[in-house]
Amino acid sequence: MSGTPPSGSVEALRAEALAAVEAATTAEAVEALRSAWLGRSGRLQDVLRGIGALPPEQRGPVGKAANEAKGAVEAAIDVRLAALRSAHEGALADREWVDPTMPLAAVAPAAAPAATGRGLGLVHPVSGMRRELEDICLSMGLEVLDGPWVEDEWHNFEALNIPRDHPARDSHDTTWLEDGNLLRTHTSPVQIRTMATRKPPIRAVAVGRVFRHEALDASHENTFHQLEGIFVDRDVHVGHLVSTLRTLLGEVFRRDVEVRLRPSFFPFTEPSFELDVRCLVCGGTGCAVCKRTGWVELLGCGLIHPNVLRAGGIDPATWSGFAFGLGVDRLTMMRHGIEDIRHFAAGDLRFLRQFAGGLVG
């Protein structure tokens, strides 16, 4: 091809192509330059195709210059595309950002469900109660902790002073896994993990899902949520426990509630108590939730057993503490007057839409 330029002219083509790439302001324009310079009919491709028509002494220098120009232009195109796409995404982030914590109406008032064909999301009532409990506990100076759902036998039973022949270990109460581990039956293992990794004083709660083989009824489920409280310091006594629980429940129910303590037994506390609350569904007159007694068992509590403190690496001669565990689902039932715990997992949108006050955008 007699029109093939010498190597010096190839350098001029390279400079022209690089300048055009740098001046491009859109990804589409850059892709058009890729086709114009590097495509099958591109200007640099024409140079390579015409090398055979050159005098022998020019073929090497022109071919080398053309290949180097092609590589430089291709690299410049990739860099320019990456820069333009990054700038475009950054502009979108500035222009179309969304705060997921804001109600949808505040973000896009015109985007009503009827217009979009989609309904608004809802915070599940148990999730809403869990968030509120965490906020209340934080305001009381309690740290909010978490722990694994799959536990080993030592953390779930032995470290909590639960003997090997205790009925809670039976398969009809516990979901055992093939590897010998289990789905945690309570949030109490977080106590042990916390005491083993922190030095007193300890003031914390753990909130999470737990699993049990339960006979399902209006107040029992096989998968539910617990809040576990742990307080370890010097000279802790039952008065500290009662004061903490009254403060917590007063914040939860936003009114005075009638409670009673009953002596009980838990392997991990001594002394142990059951705290009952006057049924807020029926007002104490008797219903399915309170089993016609007017009272609902809300939580178990007590002073932490010395053996449990030792299992957590804490000397019971120096430190003492209290612990309590309450069912978040039952608390939610009391708050909203829900008569059957099974509604929470039934997936009935008609039930969930009653809690539209918990809209999320």
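Coordinate-derived values only; no laboratory data. If you're wondering where the values come from, they're calculated on a predicted model, not measured in any experiment. Here the Cβ is made from the backbone with ideal geometry for all residues, glycine too, and neighbour counts use every protein chain on show.
Observations
- Using C-alpha pairs below 8 Å separated by at least 6 residues, the relative contact order for region 202-361 is 26 percent.
- Isolated Cys in the chain, by beta carbon distance under 4.7 Å: C137, C301
- Residue-averaged [θ]222 nm for the chain, counting only DSSP H segments that reach four residues, each worth -39500 (n - 2.57): -12500 deg cm²/dmol
- Peptide ranges 229-236, 327-334, 344-351 listed from the most packed, as the mean C-beta count within 10 angstrom indicates: 327-334, 229-236, 344-351
- Using Cβ point charges alone (K and R +1, D and E -1), the dipole size of region 125-360 about the Cα centre works out to roughly 660 debye.
- Principal-axis tilt of helix 56-95 within the chain, Cα atoms, nearest 10 degrees: 30 degrees
- Whether region 7-95 is rounded, prolate or oblate, judged on the alpha carbon gyration tensor where a/c under 1.5 counts as rounded: prolate
- Gap separating the Cα centres of region 277-313 and region 52-84, nearest whole Å: 80 Å
- Where a label projected 7 Å from the Cα of R40 along Cα→Cβ would reach, residues of region 46-89 with amide N under 18 Å: 46-50
- Put in order of Cβ neighbour count within 10 Å, fewest first, the listed residues E251, E151, E297 become E251, E297, E151.
- Highest mean packing comes first when the peptides 55-62, 9-16 are listed by Cβ atoms within 10 Å, giving 9-16, 55-62.
- Taking all Cα pairs closer than 8 Å and separated by 6 or more residues, the relative contact order of region 7-95 comes to 41 percent.
- Note on I51 and R254: their simple-model spin labels are 8.0 nm apart, each label 7 Å out from Cα toward Cβ.
- Listed values (i) 1.24; (ii) 0.99; (iii) 1.68 include one computed from this model; for Cα Rg over 2.2 N^0.38 Å that value carries the label (iii).
- Label separation (T26 vs A12): 3.1 nm, computed from points 7 Å beyond Cα along the C-beta direction.
- Here the spin labels are modelled as points 7 Å beyond Cα on the Cα-Cβ line, and at V242 and D146 they lie 3.7 nm apart.
- Computed FRET value (nearest 0.05) for K64 with R209, which takes r as the C-beta separation and R₀ as 51 Å: 0.15
- By the rule of a C-alpha distance below 12 Å, with chain neighbours fewer than 8 residues away ignored, the aspartates and glutamates paired with K291 are D217, E339, D340.
- Counting neighbouring beta carbons within 10 Å and listing from fewest to most, the residues L227, L142 come out as L142, L227.
- The length gained on full extension between D135 and K199, counted as 0.36 nm times the residue separation minus their Cα-Cα distance, comes to 20.7 nm.
- Using θ = phi - 60° and Karplus 6.51 cos²θ - 1.76 cosθ + 1.60, couplings along region 273-284 (whole Hz; Gly, Pro as x): 9, 9, 9, 10, 10, 4, 3, 8, 7, 10, x, x
- Relative to the longest principal axis of the Cα atoms of the chain, the long axis of helix 238-253 makes an angle of roughly 60 degrees.
- For region 34-46, Karplus couplings with θ = phi - 60° (6.51, -1.76, 1.60), whole Hz, Gly/Pro x: 4, 5, 5, 9, 10, x, 4, 10, x, 5, 6, 5, 4
- Cα lying deepest toward the dipole's positive end in the chain, options G39, A72, I192, charges on Cβ: G39
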